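Okay, structure first, notes after.
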Amino acid sequence: MTLDQLRYLVALAEEGSFTRAAERVYLTQPALSVQIRKLEEELGVRLFNRREGRPTEVGRAVVAQARRVLEEVERLRALARGEEGCFQGPFRVGVIPTLAPYLLPRLLPRFTARYPALEVSVREELTSAILEGLQEGRLDAGLVGTREEGPGLLALPLFEESFLAYVSPRHPLYGWEAIHPLEVPLEDTWVLSEGHCFREQVLAVCRPTLGKRHVEFQSGDLETLILLVEGVGGLTFLPEVALWTLPEAKRAHLRPLAPPGAGRTVYLLLREGSLKAPVARVLGEEVGRLFQALRKGAGLGARGMMGAEVRHDQT
C-alpha cells in the first residue's frame with residue numbers, strides 16, 4: 001500500500017462520495033475507485049460500502065488507523081521543519097452548541113491572528129460526535145461541558161461557569177430575587193433536545209414534574225428557548241457564556257440560583273501525543289483567558305476561575 005492510497009481512503013470516508021473525494025484528491029472517479037479497490041485487495045477486506053456511501057465496520061477502523069499513519073508522516077515533516085511545525089497546516093476543532101455561538105466570534109479572530117499559518121476548521125457538534133471525531137482522528141481538539149474519558153484522550157479543565165434562570169414576567173418565580181433549584185418546576189421549564197449535555201445538567205437542577213405541560217417543545221438552540229420564555233411563558237436556564245450576547249434590557253429576566261452551585265466545568269479534549277496537541281493546549285489557554293476577560297467585563301462575579309491557570313505540566 002502507499003501513503004497516497006491512505007489519503008484517498010480518508011478523503012473518501014470524509015466526503016462520503018467517490019465524486020467529491022476524487023475532486024478533492026485531484027483524481028478521476030474511476031482512478032480513485034481503482035486505488036481503493038487495490039487497497040481492499042491487499043488488506044483482504046471490503047473497506048467501503050458503495051451503495052450506502054460510507055465505510056464498512058472494519059473500514060472505519062482502517063480509516064482511523066490511516067489517519068494516525070498520515071499524522072505520523074506529518075510529524076516527521078514537522079521535525080524536519082523545526083518545533084513550530086505543529087502550528088502550521090490543518091487544525092480541526094469540535095465545539096458543543098452551548099459554547100460555539102458565544103465563544104467562537106471572539107476566540108477565532110484572536111487565535112488565527114496569532115497563528116496565521118494554521119488552517120483552522122471548526123464544527124459545531126454534540127459531545128458524542130466530538131468524542132468520536134477525536135478517537136477516529138477527524139478532530140484535533142474539542143470544547144465540551146462535561147468531563148469525558150476515553151483511550152488516549154486528555155480532558156483539561158478551562159473554566160467553571162454558573163447557570164442562571166431566565167424567567168418570564170408572567171411566571172411566579174419572576175418576583176423572586178434568587179431561586180432555589182428545588183423550587184424550579186420542570187413542567188414550566190424549556191430544555192434543549194436529547195443529546196445535549198446541557199439538557200441533562202438542567203434536568204438535574206429542576207424539581208421533578210408535578211403537573212402536565214400545556215406545550216411540549218425541545219430545541220437545539222438556547223436562543224429559541226429564550227424566545228419561548230418571552231412569547232409563551234415559563235423559564236429556562238442559561239450558562240454564563242450565553243449572557244454576553246444578551247441585551248441589557250433582557251437581563252431583567254435573569255435570576256441567580258441560591259444557594260449557588262448549579263453550573264458546569266468547560267473542558268478541552270485532545271488526543272494524547274497528537275501532533276496538534278501543543279496547538280490544542282494553546283487554544284485552551286486562549287479560551288480560559290477570554291472567559292476571564294469577558295466575565296470581568298460583564299461584572300458577573302468570579303466562581304473559581306481556572307482558565308488562566310492551565311499549564312503544560314497539568315498532564
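Assorted remarks:
- Neighbours of Ala155, meaning other residues whose beta-carbon lies under 12 angstrom from its beta-carbon, give a summed charge of -1 when Lys and Arg score +1 and Asp and Glu score -1.
- Percent antiparallel among DSSP beta bridges (both partners in the chain, rounded to 5): 60
- With R₀ fixed at 22 Å, the C-beta to C-beta distance from Lys38 to Ala117 puts the FRET efficiency at about 0.05.
- Cα centroid of region 251-280 to Cα centroid of region 110-186, whole Å: 5
- Acute angle (nearest 10 degrees) that the helix 127-136 long axis makes with the longest principal axis of the chain, alpha-carbon atoms: 20
- Among Leu275, Leu238, Leu79: highest mean-square fluctuation, GNM of the chain, C-alpha pairs under 10 Å: Leu79
- Annotation: aspartates and glutamates with alpha-carbon distance below 16 angstrom to Lys276 (same-chain offsets under eight excluded): Glu71, Glu72, Glu74, Glu83, Glu84, Glu119, Glu136, Asp140, Glu285, Glu286.
- Given charges at Cβ of Lys, Arg, Asp, Glu: region 161-255 dipole, positive-most of Trp176, Gln218, Leu235: Trp176
- Look at Tyr166, Tyr102, Tyr26 and count the other Cβ atoms within 10 Å of each Cβ; fewest to most, that gives Tyr26, Tyr102, Tyr166.
- Crossing angle, helix 3-15 versus the chain [Cα axis fit, 0-90 degrees, rounded to tens]: 40
- Ranked by the mean number of other Cβ atoms within 10 Å of their residues, highest first, the peptides 228-237, 154-163 fall in the order 154-163, 228-237.
- Under DSSP loop assignment and at most 16 Cβ neighbours within 10 Å, longest trypsin sites (Lys or Arg not before Pro)-free interval of the chain: 52-146
- Cα gyration tensor shape of region 3-68, rounded if a/c is under 1.5, else prolate or oblate by comparing a/b with b/c: rounded
- Stretchable slack from Leu3 to Val25, in nm (0.36 nm times residue separation minus alpha-carbon distance): 6.7 nm
- Nearest 10 degrees, 0 to 90: helix 222-231 Cα axis against the chain principal axis: 30
A short reminder: the numbers here are calculations on the coordinates, not readings from a lab. Computed from a prediction, not measured in an experiment: that's the story for all the values here. Counting neighbours? That spans all protein chains shown, and the Cβs are built from the backbone with ideal geometry, glycine included.
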